[in-house]
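Below is one structure; the comments refer to it alone.
Readers should treat all values here as calculations from the given coordinates under stated rules, not as data from a laboratory. Here the structure is a predicted model, which means the values were calculated and not measured. Cβ sites come from the backbone with ideal geometry, for glycine too, and all protein chains shown count toward neighbours.
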Amino acid sequence: MLRNPKLLLGENYERLEQFVLVLGEICTKKAQCETATWDKIAVLIANVFNDATLGEQVKAICQAKLTEQ
């Protein structure tokens, strides 16, 4: 995902919503992740939110589909 987001998300980012929902689910189970894994996930989330192409879409998906938890 960090090197080639289109490989995971699809050429036109058609799997972006699924990806965001999976990340949301992972975040609710933070205690189950090892610290090193959580650090990588945190970098991934920060990169996606700050991405010029995806950032606004990701924020909109989060607001519409995820709870505060």
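For the reader, a short list of remarks on this structure follows.
- Filtered GluC sites (Glu not before Pro), the stretch 1-54: DSSP coil and at most 16 other beta carbons within 10 Å: 11, 14, 34
- Sequentially through the stretch 10-16, phi angles give Karplus couplings (6.51, -1.76, 1.60; θ = phi - 60°) of x, 4, 10, 6, 5, 9, 4 Hz, Gly and Pro residues having no value and appearing as x.
- Among the lysines of the chain, pairs that are 8 or more positions apart or on different chains and have alpha carbons within less than 21 Å of each other number 9.
- Under the simplified labelling scheme, the residue 17-residue 39 pair shows an inter-label distance of 3.5 nm, with each label point 7 Å from Cα along Cα→Cβ.
- Taking Cα atoms only, the orientation of helix 55-65 departs from the longest principal axis of the chain by about 60 degrees.
- Cα long-axis angle, helix 35-50 against the chain (0 to 90 degrees, to the nearest 10): 30
- Counted over all Cα-Cα pairs of the chain, pairs farther apart than 16 Å make up 46 percent.
- Relative exposure of 19, 49, judged by other C-beta atoms within 10 Å (fewest first): 49, 19
- Placing dummy labels 7 Å off each Cα toward the beta-carbon, the span from residue 67 to residue 32 is 1.6 nm.
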